[in-house]
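As structure tokens, the structure follows; a few thoughts come after it.
The values are calculated or read from the model by the stated rules, or taken from the named source; none is laboratory data. Values in this document were obtained by computation on a predicted structure and should not be read as measured data. Glycine also receives a Cβ, built like all others from the backbone with ideal geometry; neighbour counts cover every protein chain displayed.
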Amino acid sequence: MENYPNIKRQDKAVYKTLIGEERREREGLELIPSENYVSRAVKEANASIFTNKYSEGYPGRRYYGGQTYTDMVEDIARDRAKKLFGAKYVNVQPHAGAPANVAMYFALLEPGDTVLGMDLSHGGHLTHGHPVTYLTKIFKFVRYKMKNVETGEIDYDEMRAVAKREKPKILLGGYSAYPRELDYKIMADIAHEVGALAVMDAAHIAGLIAGKAVKNPFDYGFDVITTTTHKTLRGPRGGMILTRESEEIGKKVDKAVFPGFQGGPLMHNIAAKAVCFGEALSPKFKTYAKQILANAKAMEKVFKKAGVRLITGGTSNHLLLADVWSSFGIGGREAETLLDHVGMTLNMNSIADDTRKPMDPSGIRFGTPAATTRGFYEKDCARIAELMIETLKKRGNKKALKAIHEEVKKMCKKHPVPEAFV
């Protein structure tokens, strides 16, 4: 358990929340695919002396004095990110993934320009053009979908036809609930055929790319990658924009982030990003990334054997999306609550062409990054899948649910969250 002596002495109300969250994370299984645990080193950097410093601008070009060490740490973060992803230009200042996407749009588009991205109901993200976002008031968004929901196959012929008709300035890959890999070569070819830039929102799979467990879009002609630095990358909550080779795009991105969209960067967070990227450059991280995929496949096998409907028929990455409404006669919200009560945290999620409302959809989304960090292997993750199924089947049996909760706590006690990864 962490030690917070100053907070305990000064602010007991906040101290209570910290201790409660520690207990929740220690005693429960984190299955939300966009969440993970960070090392003690990353936490130390994120709570470091750099929190005191204003550093508007970029290394060597700041608007305040006293930037010797902030310049050094931001350069360390940028250099390490370049090595991880094979990028020539990197901006590590975005405060989160959504601001990174917004800054990317502002860098590469003019108001009224068109973006072709994945439909939210088929796995896309809010920042890819959902009508509830303000982005749709500035840019025009058109969408592509899966050709076959049971396999996850994207309709690339339709994507090409839409691109030729709509003439987008950006063809956007990436997703928040799509369990397969995209065909980056086809997408880059389509983008460049119509004079568009190929951009990948790799927020979910950045760690898998860095760990060489899945393909790198830059190797197939993509121009820009946006990402978060948490999730599979296992760093602090933040964002990043990477440019493959164009200096012009790199300069546009820098201007869009600051002064175009954000004020001063969070230097303590950038220091934590630098530590995280250093961890991701270690040989152990490649082993970790591959184990994430193996663990997800182990869960897939159990669900398929039990006859549970999985959107896209399974997974090729770190996450799975299950249709609990058709499989168990239960909505996603109730399934999320039930599983949370037995110590397994995941999230309700809409499925492709869902007939239920977003706040009580037909599906649940779960994955293996955090469990893998704790040292779970295929056998462990298969057992987690069995317990999930048992929970949903025996949802009215208090005795059975209590036994499941006790087993979950034992599993977590056996696999504590590690403090160091290298």
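Taking Gly263 and the conditions (1) outside the structural domain of Asp380 (by TED's automatic domain parsing); (2) in contact with a helix residue (DSSP H, G or I) (Cβ under 9 Å, 6 or more places away or on another chain); (3) closer than 19 Å to Gly97 by Cβ, which numbered condition does it fall short on, given that it satisfies the others?
All conditions pass for Gly263, except number (2).
Yes or no, residue by residue, for (1) surrounded by 15 or more Cβ atoms within 10 Å (Cβ to Cβ); (2) closer than 13 Å to Ile32 by Cα:
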{"residue": "Glu334", "(1), (2)": "yes, no"}
{"residue": "Met344", "(1), (2)": "yes, yes"}
{"residue": "Met359", "(1), (2)": "no, no"}
{"residue": "Ala382", "(1), (2)": "yes, no"}
{"residue": "Leu387", "(1), (2)": "yes, no"}
{"residue": "Lys393", "(1), (2)": "no, no"}
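Could you check, for the stretch 29-44, whether at least one of its residues is over 19 Å from Arg237 (Cα atoms) and surrounded by fewer than 21 Cβ atoms within 10 Å (Cβ to Cβ)? Outline the logic, then answer.
Initial filter on the stretch 29-44 (over 19 Å from Arg237 (Cα atoms)): 29.
Right, trim to surrounded by fewer than 21 Cβ atoms within 10 Å (Cβ to Cβ) and you get none.
Within the stretch 29-44, none of the residues are over 19 Å from Arg237 (Cα atoms) and surrounded by fewer than 21 Cβ atoms within 10 Å (Cβ to Cβ).
If a residue counts only when it is within 30 Å of Thr136 (Cβ to Cβ), which helices (runs of 4 or more DSSP H) contained entirely in the stretch 31-110 have at least 3 such residues?
By residue number, 97-108.
Tally time: how many residues in the stretch 233-251 are out of contact with any strand residue (DSSP E or B) (no Cβ under 9 Å at 6 or more places or on another chain) and touching a residue at least 40 places away in the same chain (Cβ under 8 Å)?
2
Rundown of residues vs (1) closer than 22 Å to Thr226 by Cβ; (2) in contact (Cβ under 8 Å) with a residue 60 or more places away in the chain; (3) out of contact with any helix residue (DSSP H, G or I) (no Cβ under 8 Å at 6 or more places or on another chain); (4) of a type outside the set (A, V, I, L, M, F, W, C), yes/no style:
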| site | (1), (2), (3), (4) |
| --- | --- |
| Asn52 | no, no, yes, yes |
| Pro59 | yes, no, no, yes |
| Ala81 | yes, yes, no, no |
| Leu84 | yes, yes, no, no |
| Tyr89 | yes, yes, no, yes |
| Val92 | yes, yes, no, no |
| Tyr105 | yes, yes, no, yes |
| Val115 | yes, no, no, no |
| Gly124 | yes, no, yes, yes |
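Within the stretch 297-325, restricting attention to residues that are among the β-branched types (Val, Ile, Thr) and over 21 Å from the mean Cα position of the chain (by Cα), which residue is nearest to Asp353 (Cα to Cα)?
In this case the residue turns out to be Val324.
Does Ala77 satisfy being within 18 Å of Lys273 (Cβ to Cβ) and out of contact with any Lys or Arg (no Cβ under 6 Å at 6 or more places or on another chain)?
Against the criterion (within 18 Å of Lys273 (Cβ to Cβ) and out of contact with any Lys or Arg (no Cβ under 6 Å at 6 or more places or on another chain)), Ala77 does not qualify.
Out of the stretch 367-402, which residues are within 21 Å of the chain's Cα centre (by Cα) and part of a helix (DSSP H, G or I)?
Pro369, Ala370, Ala371, Thr372, Thr373, Cys381
Quick one: would you say Arg333 is touching a residue at least 24 places away in the same chain (Cβ under 8 Å), among the basic types (Lys, Arg) and under 30 Å from Ile76 (Cβ atoms)?
For Arg333, the condition - touching a residue at least 24 places away in the same chain (Cβ under 8 Å), among the basic types (Lys, Arg) and under 30 Å from Ile76 (Cβ atoms) - is not met.
Does any residue of the stretch 117-128 turn out to be hydroxyl-bearing (Ser, Thr, Tyr), outside any helix (DSSP H, G or I), in the same structural domain as Asp183 (by TED's automatic domain parsing) and surrounded by 19 or more Cβ atoms within 10 Å (Cβ to Cβ)? Break it down into steps so the answer makes sense when it comes.
Filtering the stretch 117-128 down to residues hydroxyl-bearing (Ser, Thr, Tyr) leaves 121, 127.
Filter once more, so that each one left must be outside any helix (DSSP H, G or I): none.
Checking the stretch 117-128: not a single residue is hydroxyl-bearing (Ser, Thr, Tyr), outside any helix (DSSP H, G or I), in the same structural domain as Asp183 (by TED's automatic domain parsing) and surrounded by 19 or more Cβ atoms within 10 Å (Cβ to Cβ).
Contact list please: Cβ distance under 7 Å, first residue in the stretch 136-150 and assigned by TED's automatic domain parsing to the domain that holds Leu182 and touching a residue at least 60 places away in the same chain (Cβ under 8 Å), second residue part of a strand (DSSP E or B) and of a type outside the set (Phe, Trp, Tyr), pairs at least six apart or on different chains.
Between residues of the stretch 136-150 that are assigned by TED's automatic domain parsing to the domain that holds Leu182 and touching a residue at least 60 places away in the same chain (Cβ under 8 Å) and residues that are part of a strand (DSSP E or B) and of a type outside the set (Phe, Trp, Tyr), the close pairs are Met146/Glu153; Met146/Ile154.
Within the stretch 259-269, can one find any residue that is closer than 17 Å to Gly211 by Cβ and under 20 Å from the mean Cα position of the chain (by Cα)?
Here is the first cut: in the stretch 259-269, the ones closer than 17 Å to Gly211 by Cβ are none.
No, the conditions are met nowhere in the stretch 259-269.
Please go through the stretch 361-372 and give me each residue that is touching a strand residue (DSSP E or B) at 6+ places or on another chain (Cβ under 9 Å) and either under 30 Å from Ser39 (Cβ atoms) or not assigned by TED's automatic domain parsing to the domain that holds Gly314 (or both), ordered by number.
Ile364, Arg365, Phe366, Gly367, Thr368, Pro369, Ala370, Ala371
Answer yes or no as to whether Lys305 is closer than 30 Å to Ser326 by Cβ and either assigned by TED's automatic domain parsing to the domain that holds Leu321 or of a type in the set (Phe, Trp, Tyr) (or both). Quick ask: steps written out before the conclusion?
Numbers: closer than 30 Å to Ser326 by Cβ: yes; either assigned by TED's automatic domain parsing to the domain that holds Leu321 or of a type in the set (Phe, Trp, Tyr) (or both): yes.
The answer is yes for Lys305.
Would you call Ala177 small (Gly, Ala, Ser), modelled with pLDDT of 95 or more and either on the phi < 0 side of the Ramachandran plot or outside the structural domain of Gly235 (by TED's automatic domain parsing) (or both)? Walk me through it before giving the result.
On the way: small (Gly, Ala, Ser): yes; modelled with pLDDT of 95 or more: no; either on the phi < 0 side of the Ramachandran plot or outside the structural domain of Gly235 (by TED's automatic domain parsing) (or both): yes.
Answer is no for this residue.
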